[in-house]
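To keep things clear, I will list the structure first and then write my remarks on it.
FYI, it's all coordinate maths here, none of it is from the lab. Quick caveat: nothing in here was measured; it's all calculated off a predicted structure. Counting neighbours? That spans all protein chains shown, and the Cβs are built from the backbone with ideal geometry, glycine included.
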Amino acid sequence: MRSLFTHRVRVALVASVTAVGLAACSNPQGVGGDDGKAKEDAKVPPRVELVIPFAEGGGTDTWARFLAPYLEKYVEGSPTFSPKNVLGGESITGSNQFVTSGGTDGAQVLVTSGTTYFQALLGRPEVEFDFAKMKPLMLNGTGGVIYASKSSGIKTVEDLQDPPKPLVYGGISATGLDLSLLQAFDVLGVDIDATFGFEGRGPARLALERGEINIDYQTTSAYLTQVEPMVEAGTAVPLMSFGVIEDGEIVRDPNVPDLPTVEEVHEQLNGSPPEGEAYDAYRAFLVPGFVYQKGLWANEGTPDSVVQAYRDAVAAISDDPEFKKSSAEVLGGYPLYSGEKAQDDLIEAFEIKPEVRQYTLDLLKTKYETTIEGS
Amino acid sequence: MLDAATSALAAFLDPAMLLFLMAGILAGLVVGIIPGLGGTGAVAILLPFVFVLEPEQALALIIGAVAVVHTSDTISSVLIGIPGSASATVLMLDGHEMAKQGQAARALAIAFLSSMAGGLLGAIGLTLSIPIARPLVLLFGSPELFMLTVLGISLTALLSSGNMLKGLLAGAFGLLLGQVGAAPAAAEYRYTFGSLYLTEGLDLVAVALGIFGIAEVVSLVARKTSVASGSGIGTGWGDGVRDFFTHWRHVLRGALVGIWAGVLPGLGATAGTWMAYGQARATARGKDRKKFGKGDPRGIVAPESANNSVEAGDLIPTLLFGIPGGAPAALLLGALLVFGIEPGPRIITEDLDIVYTIVWSFAIASVVGAGLCFLLSVPLAKLSYVRFPVLAAGLIVIMFTAGYQESQQISVLQVMLLLGAVGWLMKISHIPRAPFLIGFVLSIPLERYYYLTANLYTFGEWAVRPGVLVMAGVLVLPVALNLVKRLRARTDADVPEPSDDDQDLLEAEPPRSWPLALTAVFLVLFVAAFVVAQGYSTNARLVPSLVTACGALLASAVLVLGVRDLRRGERWQTDDEQKAWRVELRWVLLAFAWLAGFVVGVFIVGALIAAALYVPLFLWRVAQLRWPAIAIYTVAVLAVLLLLQEFAGIVLPLGYLTPRGLM
C-alpha cells in the first residue's frame, strides 16, 4: 500500500471520510449577528422574511406572495417582505426551523396551511412547534365542496344513507387534508372506500371524470371553476360544503349558498344535529384545516407591538380596492381574519383533547390502516 | 379561433411585450447553462416580477424562460459532461461522446435545431390538441399510466443491451433510491432513518449531479487534460445542420413523445426525455443500433426535440385542468389566478386570447432561444478545450451550490459526494448509469399507479383495457425477440459484449475484483433494504420488497457470472496495467479528497467563504495556474455566486462558523 498512498493522499482520504460522516441533523446557522430577540416595544424590522414551508408556485406559496405587496403597504413601518421556501416533511421541516431559529423580533414570520396544522394535531413525533403558544397574525380561510359523480347513482344527499353503489374516494394521504372528508363521512355514518396515493386533488378529480372514483371534494374555488361545468353538464352532483365559521357556529358557505353543510346533512339524515366523539374530532380538524387554513404566524415571545402591527393591518388590507378586486379570485372570496379574532378558536383547536386525538388515530388505524409512528 | 390567434400575435408588436419575452428568454438561457439549475431555478428568478406585471407581460416572461431552459442546458452536458439539468443527462451519451471526438460544434448544432423544432412542434401540438386534449387525457386512466411507467422502466433493459444483467441491476438500484421518502399509498416514510431531510426523498438534481457530474469531475481532474482532443471547436456546424435534416423523422417522433409525456400528469420531463431517447434507440435496427451511445446524431435529435416539447405538453393539463406538471407550470397557474384567469374547461371559451399569447410566446421563444444559443456556444464551445482542472475549480463550487437549491438542506452535499463515489465505481465496473436514473425517476410513479390501479380496478377489468393491451404488446415483443437473439448469441460466443453506455474505454481498467466487490456491496444493500422493508405497513412494503428481492437476485447473478469468469482464468492484469490502475486510483482518490475538502469547508464557513478560499487553493495546487489568473478567476466565481444570490434567489449554505454579520 505504501506505493499507492502518499502521506498527502492519506490525509486527504481521512478528510473525505470525515466530510461524508459529518453529522448534520439540521442546517448550520452560522455564528454572530443579532440573536433574533426583541425589546418590549420593538417595531417591525425593515426586512421581513416570509418562511414558506411549501414549494414555489403551490397554493400556500401563491397565497403568501399575493399578500406580500399588501403587507408592505399596510403593516406599520412599511417593511419589505421576501419569501423563502423551506420544503420537506409535509411542511414540518420549515416550521421546525422557524420555531428553533426564527427569532422573536419579527424578522421572520411563518406561513402555514392546513397540512401544517394537521401534523401537530395528530401528534407527529417530529413536530417541534406548538400553535397553541405561537401568535397568529392574520388568517384566511377556504371552503370545500363534496360532490359525487353521476355514475355513483347518487342524486340527492338522502341517497347517501343507502348508496346504490359503493362510494369510492380518491385521496392524497390519510393524514393530510383528506382527513376532514374521512371524518365528515364518519360523522354521517356513511361508509366510503378510500384509496390514497393521488398526486393532488386535480388528478383525483380527473379520476372521478374517468369513473375510477365516484366521490370527491374540491376547494371552493376549484369547485366553481372545474366542477360546476360538470354539474351543468349533468355529470356531477354537488352534495354539501364544509361551511364557514360565524361566531363559533358552522354556517353555509356564502360562495355556495345553495349547498347544505355537513351538519345540516346529518340533521336531514338522522333528524338531529351531530354530536359526540366523531363530531368533536371532525370539528377539531375542520376549524384549523379549512376555516383558518392559511395563516401568518409569529413565534411565542414576539413583542405585542410587532404582533399588533400585523393585526392592525388586516382591516386596511381588506378595505383596499385593489385587494378587494383580486382577492375574490385568489382567496376565493373568504375574509382575511386578524389573529386577534381567530385566536380563541385556534387555541381551542390546538389544545386538542387527548381523547379526540385518540379517536382520530383509531379511525385512521381501523378504517384506513394508517398508523402514525411514535404517537 | 383564427381571430384570437392573430390578435394575440399582434400584441407582440408592443415593444414592452417583446421586451418581457426577451427578458424571460435570457433568464431561461442563463439558468439553463449553469449546471444543475433548470426550470425551478428559472422560476425563482422570475417570481418577484410575475406578481407586479400586466397579465400578458407576465405570461410572456414565464413562457420565454420555460421554452428555452432545455435548449441551453444542453451546452454543459455536451461540452464538459456535466448535466445542465436533470433531463439533460441524456445528452451525456451521444452528445458528449461526439464532443469528445472533437465534434462539439456538430453536436450543438443538432441539439439547438432539434430544440427549436421541438419547441415549435410543441406549440403547434398545444394549439391543435386544445379542443381534443380533454377526452384524450380522460382516456388515460391509472392502468394506462401504470403500464406507461412499466414501459419506461423496461427501457433500462434496452439501454443496457449487451450487458442486460448489469443494466437491470443499475435500474433496480435506481428504483430503490427512488423509494426513499414518503410512500405514495401509505402515510409512512421509508428509508429515512429518522432524518427529516430524507422525508422529501432524494432530489433528482442532486442525484443526477452526483452520479453523473461528480463522477465525471473526479476522473477528469486527475487527467489534467481537456475534455476533447484536438484544437479549435471543430467545423461541424454544417454537418450538424445536415444531420438534423437527415433525421427529421426522429425530430417529429421525439416531439410527439415529449408532448405526450408532458400531457400526462406525473411522469415528468426527465422520464419523457429518456423515453424519447429509448424509442429512437429501440426502433433502430441491427448494427445501426450499435452506434447509439457512441456519438449517433439520432441520440441527440430525439431527446432534444422531446425535452422542449415536454414543456409545451405540460401546459395542456395546466390550462385545461388546472393541474400543473412541474414548478414552472405551477408558477404559471399561480400567475393566472392572480390575474383572475381561471384555468379549466372554460378557458377555451372565455380566455382563448390568453391561450394564444402562451402559444405564440412559446413559438417565438423557441426560435430566438435556439438562435441565441448558436451565438453563445461559439465562445462556450472553447470550454471543452480548456484543461479540465481549470474548469473544475469553478464547477465544483457551482455543482454543490446548485445541488443544494432544491432541498436547501446541507446534508445534500454529503449525499452528492457519496453518489459521486457510487457513480465512479459504477463507471469503472461498466455498470451503465442511464438505467439507474430511469429507475430513480419512475420509482414512485410506478408504485403510485400500481396501487391506484390495483385498488380501483380488479385485475380482470384493467388488464384487458385496449391501452393496456397495446402497451403490453410493445413491452413483450421486443423482450421476446431480444431473448431469442441473446440465446442464439450465447451459443456463438460466451463473452458478453460490453455495455453500450459508459463503455468509453477507461484510461486504466480496475482489477477484476473491484467490480465484483461493488456488486457484492449492492447485494448487501439490497438484502439489508429488504429486511428493513419488512417492517413497513402492508401498503408501503410491497414495492420495496419486490425491488430489493429482484435487485438481490440480479446482484447475485452478476456476482456468480463474474466469479465464473474469474475462475475460468480470465487473464489477470499485466504489470503495466496494474501500474496504470494504481496511478489512476491515486489521482481519483486525490480528486475526491479535494471535493470532500470543499464540502468540509462549506460545513465550517459556508459556501461563499469556502469558495473564496478553495478556488485559489485548487487553482494553485491542482490546476497550477499563475497568480494573476487565479485572482481574476476567484473574483469571477465569487461574483457569479453573489449575482445568483441577489438576482436568482439562489441560497448559499451557511456553515457552523459563518460570521452572520458579514452575510
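Straight-line cross-link reach from residue B:294 at under 27 Å between alpha-carbon atoms covers these lysines, not counting any fewer than eight positions away in the same chain: B:100, B:166, B:224, B:382, B:427, B:485. Per-residue mean of foreign Cβ neighbours for B:136-146 is 3 (Cβ atoms of other chains, 10 Å radius).
Helical runs (DSSP H, four residues minimum) scored at -39500 (n - 2.57) apiece and divided by the length of chain A put the mean residue ellipticity at 222 nm at -12000 deg cm²/dmol.
Report the per residue volume, in Å³, of the convex hull enclosing the C-alpha atoms of the range A:144-286. List each step's numbers first, then the result.
Numbers: hull volume 14.6 nm³, N = 143.
So the per-residue Cα hull volume is 102 Å³.
Simple rule: put +1 on each Lys or Arg Cβ and -1 on each Asp or Glu Cβ in chain A, find the dipole, and look at A:240, A:44, A:317; the Cα lying farthest toward the positive end is A:44. Rounded, prolate or oblate: pick one for the range A:60-110, where a ≥ b ≥ c are the square roots of the eigenvalues of its C-alpha gyration tensor, a/c under 1.5 means rounded, and failing that, prolate if a/b is larger than b/c, else oblate. Because a/c hits 1.5 or more and a/b fails to exceed b/c, the range A:60-110 counts as oblate. Which whole number gives the average count of other chain Cβ atoms within 10 Å of the Cβ atoms across peptide A:192-202? Going residue by residue through A:192-202 and averaging, the value is 6. Assuming charge only on the beta carbon of Lys and Arg (+1) and of Asp and Glu (-1), the dipole of the range A:267-346 about its Cα centre is about 280 debye to the nearest 20.
Protection proxy ranking for B:209-215, B:245-251, using the average of other Cβ atoms within 10 Å per residue and placing the highest first: B:209-215, B:245-251. The charge dipole of chain B, taken about its Cα centre with unit charges on the Cβ of Lys, Arg, Asp and Glu (plus for the first two, minus for the last two), comes to roughly 2000 debye.
What does the structure give for A:207-214 when I average, per residue, the other chain Cβ atoms found within 10 Å of the residue Cβ?
4
GluC sites (Glu not before Pro), restricted to the range A:215-304: which are DSSP loop and have at most 12 other Cβ atoms within 10 Å?
Values: sites: A:232, A:246, A:249, A:263, A:264, A:267, A:275, A:277, A:300; in loops: A:275, A:300.
Passing both the DSSP loop test and the Cβ count: A:275.
For residue B:582 and residue A:367, the FRET efficiency from 1/(1 + (r/R0)^6), where r spans their Cβ atoms and R0 equals 60 Å, is about 0.45. For residue A:193, the residues whose modelled amide H falls within less than 5 Å of its own, excluding neighbours fewer than 5 places apart on the same chain, are A:167, A:168, A:169.
Would you kindly state the longest site-free stretch of chain B, with sites defined as GluC sites (Glu not before Pro) in a DSSP loop (not H, G, I, E, B) surrounded by at most 16 other Cβ atoms within 10 Å?
Values: sites that count: B:507, B:570.
In short, B:1-506.
Relative to one another, the C-alpha centroids of the range B:619-633 and the range A:180-210 are positioned 61 Å apart. Here the protein assembly as shown is treated as an ellipsoid with the same Cα gyration tensor; its semi-axes, largest first and in whole Å, are 46, 33, 30. For the range B:605-645, the square roots a ≥ b ≥ c of the C-alpha gyration tensor eigenvalues yield an a/c of 1.5 or more together with a/b not exceeding b/c, which makes the shape oblate.
Charges only on Cβ, +1 for Lys and Arg, -1 for Asp and Glu: so what's the dipole of the protein assembly as shown about the Cα centre, in debye to the nearest 20? Please list the in-between numbers first.
Working: 71 positive and 96 negative charges, 1198 e Å.
Using Cβ point charges on Lys, Arg, Asp and Glu, the protein assembly as shown gives about 5760 debye.
Ranking B:562, B:545, B:535 by how far each Cα lies toward the positive end of the dipole of the range B:512-572 (charges on Cβ) leaves B:562 at the top. Cα centroids of the range B:400-466 and the range A:317-342: how far apart, whole angstrom? One Cα centre to the other: 42 Å. Close amide H partners of residue A:243, meaning residues 5 or more places away or on another chain with modelled amide H under 5 Å apart, are A:144, A:253. Highest mean packing first, where packing is the average number of other Cβ atoms within 10 Å per residue, the peptides A:174-182, B:123-131 line up as A:174-182, B:123-131. Within the straight-line cut-off of under 24 Å between alpha carbons, the lysines reachable from residue A:367 are A:165, A:353, sequence neighbours fewer than 8 places apart in one chain being disregarded. Here's how it looks for residue A:138: its modeled amide H is under 5 Å from those of A:296, A:339, which are all 5 or more places away or on a different chain.
Assign one of three labels to the range B:512-572, namely rounded, prolate or oblate, based on the Cα gyration tensor with a ≥ b ≥ c the square roots of its eigenvalues; rounded applies when a/c is under 1.5, prolate when it is not and a/b is larger than b/c, and oblate otherwise. Display every interim value, and only then the final one.
Working: a/c = 5.39, a/b = 3.28, b/c = 1.65.
Prolate is the answer for the range B:512-572, as a/c is 1.5 or above and a/b outweighs b/c.
Measuring nothing but how far apart in sequence close Cα pairs (under 8 Å, 6+ apart) lie, relative to its length, the range A:144-286 scores a relative contact order of 32 percent.
Let me have the 222 nm mean residue ellipticity of chain B computed from DSSP H runs of 4+ only, each contributing -39500 (n - 2.57), with the sum over all residues rounded to the nearest 500. Please list the in-between numbers first.
Values: 28 runs with 479 residues, N = 663.
Calculated from helices alone, the mean residue ellipticity at 222 nm is -24500 deg cm²/dmol.
Here the range B:359-377 and the range A:266-309 have alpha carbon centers that stand 51 Å from each other. When the Cα positions of B:169, B:213, B:102 are compared along the charge dipole of the range B:98-245, B:102 comes out farthest toward the positive end, with charges on each C-beta of Lys, Arg, Asp and Glu.
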